[in-house]
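Inspection log for the structure reproduced underneath, given as structure tokens.
Each reported figure results from applying straightforward, stated rules to the coordinates on display, with no laboratory input. Values in this document were obtained by computation on a predicted structure and should not be read as measured data. A quick note on method: Cβ atoms are made from the backbone with ideal geometry, for glycine too, and the neighbour counts reach across all protein chains shown.
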Amino acid sequence: MFELLGITPQVLMGQLLLGLINGSFYAVLSLGLAVIFGLLNIINFTHGAQYMLGAFVAWMLGAYLGVGYWWALLAAPIVVGASGLVLERLALSKLYHLDHLYGLLLTFGVALILQGIFRDAYGISGQPYQIPDLLAGGHNLGFMFLPNYRAWVVVASVIVCFATWFAIEKTRLGAYLRAATENPTLVGAFGINVPRMIMLTYAFGVGLAGFAGVLAAPIYSVNPNMGADLIIVVFAVVVIGGMGSILGAIVTGYGLGLVEGLTRVFYPEASSVVIFVIMAIVLMLKPEGLFGRSA
Amino acid sequence: MSEAGAGKGAPLLKVENLQGWYGESHVLHGIDFEVREGEVVTLLGRNGAGKTSTLLAIMGILGKRTGSITHAGRELIDLPPRRIAREGIAFCPEERGIFASLSVEENLMLPPRIAEGGLSVERIHDLFPNLKERRRSQGTKLSGGEQQMLAIARILRTGARLLLLDEPTEGLAPVIVQQIGRTIRALKEEGFTIVLVEQNFRFAASVADRHHVVDQGRVVDMIPAEALEDNKDRIQAYLGV
């Protein structure tokens, strides 16, 4: 059997799959962050908590109402998006004329409050969430075993990322969003309701976090810290891709997931820091990010 | 300024005692003028006189404003910019406002139609053939003249019948200035009403029915096109040329 530097294909492909799955979450989460930052100029530190909220809403729908995975996959992002809508109207909208720092502090505070509430209510041990029957089991590909649910996570994230990219880059609505990112005053003077567009964009961005949370629920245990552990890596992904760049967030998300997986194969000690090393290099050589526009 | 807009018919746009502020800075000190349907009028004046601020105030973009702005008899002073646009007023800013992340075609199609009667894309391409040829290009990759044409073209689609054009000839080659002049005359023939802010007096004189002179945030004089020849010295004194 083919081996590379003493690494068996099973190990290599297994880690690449793990990297691709992590990359799927990085891509969906960083996409939401990029959409929000692009239009609102808000660094949404609540994003990790909103991802956790998505997982918890899915779990609560199942535990308390008997709602299954597929309906939860639809309902939880809507619930999380609606909570984002309220947050934007009641708090974030008051900060747009102030420095970025205020938005960052507010969203960081909200994240701590959300995590605290769920930690208090459910502890930190985590709640189990079953893989839906349709996606149970897996396929033996000869060189590796591919669990169906993990394959679904990759496929679902690719579909969501592509649909979001298409909506933003190829539709009239997306043109409004891109234009409002550049010059919201002029877009408003064309008769477009920019404040409503900003509100709905924020809701959509956090809805993506909620969607990622539901996808993650059967893989990782549903616990209050699941977002906090991930969000720092996701911010690094966004910085590497270019703040506000939709394509950058998607490509960098998947790419860094794979890089992380490969690092785990060849130099495991560096796997938890490789993304931050890349971020430091990118910031030194191309501060606007790989896909960002220079100021 | 009481004679502004002297003539028959109710004014389409009437500005009375318009005061405006940028933050704490008081920049408009009681602007008064009227524009009748189908007219082209200019706001002339030196840099910093308050011409652009007047257009921004009409569109609701200036930070704070008081006084009265009526369009077709409807008061606009308390409306946000998006509602003012929906009343049938379109604004073409001095810096053109072409969006870098949008193609020429996307820039053209960006402003939503707010009423019937806007120009079709075919008619716009007749007026500005370059825009058709370069419709897939990034908006900001166009030359200055093409960007200006795009900035004017995209507000013609909307159905707005009152156009506010802020220095459309600024920094452009004479041949492009002539083309924009032909366009403005064509729009006038099609019944558009235009308020034009200009520094280029020769250009303004070639297209407008009346000229309002703005100085220190007020309209200080109004000169009809037919009286222009007799008042050249007066105009030159106002403009400092």
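To test your reading of the geometry: what angle, between 0 and 90 degrees and rounded to tens, separates the Cα axis of helix A:172-182 from the longest principal axis of chain A?
The helix A:172-182 is inclined about 70 degrees to chain A.
Sort A:Met226, A:Met284, A:Met197 so the one with the fewest other Cβ atoms within 10 Å of its own Cβ comes first. Provide the component values of the computation, followed by the final result.
Numbers: A:Met226 23, A:Met284 8, A:Met197 18.
Placing the least packed residue first, the sequence is A:Met284, A:Met197, A:Met226.
Excluding residues on the same chain fewer than 8 positions from B:Lys64, give the lysines whose Cα lies under 17 Å from its Cα.
List returned: B:Lys51.
For A:His97, A:His139, B:His29, what ranking results if the residue with the fewest other Cβ atoms within 10 Å of its Cβ goes first?
Ordered from fewest to most neighbouring Cβ atoms within 10 Å, A:His97, A:His139, B:His29 come out as A:His97, A:His139, B:His29.
Per residue of A:174-180, count partner chain C-beta atoms within 10 Å of its C-beta, then hand back the mean as an integer.
Mean inter-chain Cβ contacts per residue within 10 Å come to 5.
Taking amide hydrogens as modeled 1.01 Å from N in the peptide plane, which residues meet the under 5 Å criterion relative to B:Glu39, leaving out close sequence neighbours?
Hits under the 5 Å cutoff: B:Ile194.
Say a site is exposed when it is one of the trypsin sites (Lys or Arg not before Pro), sits in a DSSP loop, and has at most 14 other Cβ atoms within 10 Å; what is then the longest site-free stretch of chain B?
Longest site-free region, per DSSP loop and neighbour criteria: B:137-241.
How about region A:135-233: which chymotrypsin sites (Phe, Trp or Tyr not before Pro) there lie in a loop by DSSP and see at most 11 other Cβ atoms within 10 Å?
none
Which of the helices in chain B meet the span-like rule: DSSP H, Cα axial reach of 20 Å or more, Kyte-Doolittle mean at least 0.0?
Counting only whole DSSP H runs, the qualifying helices are B:174-189.
Between region A:144-185 and region B:6-50, what is the C-alpha centre distance in whole Å?
Comparing the Cα centres of region A:144-185 and region B:6-50, I get a distance of 46 Å.
Mind pulling the angle between the C-alpha long axis of helix A:47-65 and the longest principal axis of chain A? Nearest 10 degrees, somewhere in 0 to 90.
70
Quick check: Cα centre of region B:219-241 to Cα centre of region A:29-89, how many Å?
Cα centroid of region B:219-241 versus Cα centroid of region A:29-89: 63 Å apart.
Just tell me how shielded B:49-61 is by partners: mean number of partner chain Cβ atoms within 10 Å of each residue's Cβ, no decimals.
Taking the mean over all residues of the peptide, I get 1.
If you average the sequence gap of Cα pairs under 8 Å that are 6 or more apart and divide by the length of chain A, what percent do you get for the contact order?
37
Please go through region B:44-111 and write out the GluC sites (Glu not before Pro) that DSSP classes as loop and that have at most 14 other C-beta atoms within 10 Å.
Here the sparse-neighbourhood loop sites are B:Glu95.
Could you give the distance between the Cα centres of region B:131-168 and region A:106-136, to the whole Å?
A separation of 51 Å, based on Cα centres.
What are the aspartates and glutamates whose alpha-carbon lies under 18 Å from the alpha-carbon of B:Lys188, with same-chain residues fewer than 8 places away excluded?
B:Glu34, B:Glu37, B:Glu39, B:Glu116, B:Asp126, B:Asp166, B:Glu167, B:Glu198, B:Asp209, B:Glu226
When a footprinting reagent is the concern and you count Cβ atoms within 10 Å, what order do B:Glu116, B:Glu167, A:Glu182 take, fewest first?
Taking fewest neighbouring Cβ atoms as first place, the list is B:Glu116, A:Glu182, B:Glu167.
Are there any GluC sites (Glu not before Pro) in region B:159-226 that are in a DSSP loop and have at most 13 other Cβ atoms within 10 Å? List them by number. List each step's numbers first, then the result.
Working: sites: B:Glu170, B:Glu189, B:Glu190, B:Glu198, B:Glu226; in loops: B:Glu170, B:Glu190.
In loop regions of region B:159-226 (DSSP not H, G, I, E or B), the sparsely surrounded GluC sites (Glu not before Pro) are B:Glu190.
Which whole number gives the average count of other chain Cβ atoms within 10 Å of the Cβ atoms across peptide B:105-116?
Mean shielding by partner chains, rounded to a whole number: 3.
Using the crude model of +1 on Lys and Arg Cβ and -1 on Asp and Glu Cβ, and no other charge, please compute the dipole size for the protein assembly as shown relative to its Cα centre, in debye to 20.
600
Among rounded, prolate and oblate, which fits region A:198-295 when a ≥ b ≥ c are the square roots of the eigenvalues of its C-alpha gyration tensor, a/c under 1.5 means rounded, and a/b larger than b/c means prolate?
oblate
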